[in-house]
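The values are calculated or read from the model by the stated rules, or taken from the named source; none is laboratory data. Since the model is a prediction, treat every value here as computed from it, not as a measurement. With ideal geometry, Cβ positions are generated from the backbone for all residues, glycine too; neighbour counts draw on all protein chains shown.
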Amino acid sequence: MATPAAALRSLLSAPGIRVMPCCFDALSARLIERAGFPLTFMSGFAVSAARLALPDTGLISYAEMLDQGRNICSAVSIPVIGDADTGYGNALNVKRTITGYARAGFACAMIEDQVAPKRCGHTVGKQVVARDEALSRIRAAVAAREEGAEILIMARTDARATHGLDEALWRANAFADLGVDLVFCEAPRSEAEMERICTEVPSHQMANMVEGGDTPQLAPSRLEKIGYKIAAYPLTLLSAAARAMTEALACLERGAAADRLLEFSELRDLVGFDAYDAALARADEED
């Protein structure tokens, strides 16, 4: 059986763009897989919100993200990309982070160039580290891969917001030169900027489709034409789940039955009761 990293490499080498809803726990990852999507991404924003009910401002730790990632990777067979933030420290911390993510079952880990503690890429107050430190992080991540960690590396830059597009392009090209597998220039402000990113950076590119964010919301077909390989939707499921729960709670608060629910049989199947019972029956027969 192919490793998660090998499966992701195969997806990236095939023609066409990959639409990638992002997950925040094992259940959301399973729903993504069941819907037929070929890959997913563990969003730091969404995990921080779902696990801690806290903003994506560096409050969640490496250990918490790793624990969430193990559960997610164990629940699905599709490749999972993991948000590894700034790498959680210096170059040695970055190498440990990459190795840990590989052992957890991630197909790819994303390292970014923000100052720690980092912030969501579509909020105010971001800062990025100097070029030397940014390159040191990515060099360490690539070294961990080259030293045996079976995982791909995605390099992210947030320099567009702080230093302008030219600086973001410089960093993205430098990251590509270091041998990363994917590049992610966060929060371009226009379609023209997105075209420059895909034209000027020789690497697979990911577009981040944050509803209400800074980047134009383009259809996957348009993103593919521009040159993107992955169209990520980091908050769609989290937002949809929060709205559905809010509406269900409103029904209960006014004394009404919540509507728009899964049938209990569907819910049992989703979390694995049917598979568990079938496996238990086979075990009993073998005994």
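Quick notes on this one:
- Selection from segment 48-63 of residues that are of a type in the set (S, T, N, Q) and in contact with an Asp or Glu (Cβ under 7 Å, 6 or more places away or on another chain): 48
- Residue match in segment 83-101 (condition: of a type in the set (Gly, Ala, Ser), assigned by TED's automatic domain parsing to the domain that holds residue 35, closer than 16 Å to residue 3 by Cβ and in contact (Cβ under 8 Å) with a residue 40 or more places away in the chain): no
- In segment 124-151, the residues that are under 13 Å from residue 100 (Cα atoms) and not in a loop (DSSP other than H, G, I, E, B): 141, 144, 145
- Residue check, residue 181 modelled with pLDDT under 95 and in contact with a Cys (Cβ under 9 Å, 6 or more places away or on another chain): no
- Among the residues here, residue 30 does not qualify as under 26 Å from residue 219 (Cβ atoms) and among the basic types (Lys, Arg).
- Whichever residue in segment 84-123 is assigned to a loop (DSSP other than H, G, I, E, B) and among the acidic types (Asp, Glu) and, among such residues, is nearest to residue 64 (Cα to Cα): 85
- Residue in segment 153-162 that is more than 22 Å from residue 70 (Cβ to Cβ), among the hydrophobic types (A, V, I, L, M, F, W, C), touching an Asp or Glu at 6+ places or on another chain (Cβ under 7 Å) and part of a loop (DSSP other than H, G, I, E, B) present: no
- Among the residues listed as 63, 53, 14, 35, the single one being surrounded by fewer than 20 Cβ atoms within 10 Å (Cβ to Cβ), free of Cβ contacts under 8 Å to residues at least 24 places away in the same chain and either under 17 Å from residue 152 (Cβ atoms) or in contact with a Ser or Thr (Cβ under 6 Å, 6 or more places away or on another chain) (or both): 14
So that you can scan it fast, the table gives a plain yes or no per residue for (1) hydroxyl-bearing (Ser, Thr, Tyr); (2) over 24 Å from residue 113 (Cα atoms); (3) within 13 Å of the chain's Cα centre (by Cα); (4) modelled with pLDDT under 95:
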site: 47; (1), (2), (3), (4): no, no, yes, no
site: 56; (1), (2), (3), (4): no, no, no, yes
site: 62; (1), (2), (3), (4): yes, no, no, no
site: 67; (1), (2), (3), (4): no, no, no, no
site: 73; (1), (2), (3), (4): no, yes, yes, no
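- If you filter segment 173-194 down to residues that are crowded, with 24+ Cβ neighbours inside 10 Å and more than 21 Å from residue 233 (Cα to Cα), you find that the one that is farthest from the chain's Cα centre (by Cα) is 175.
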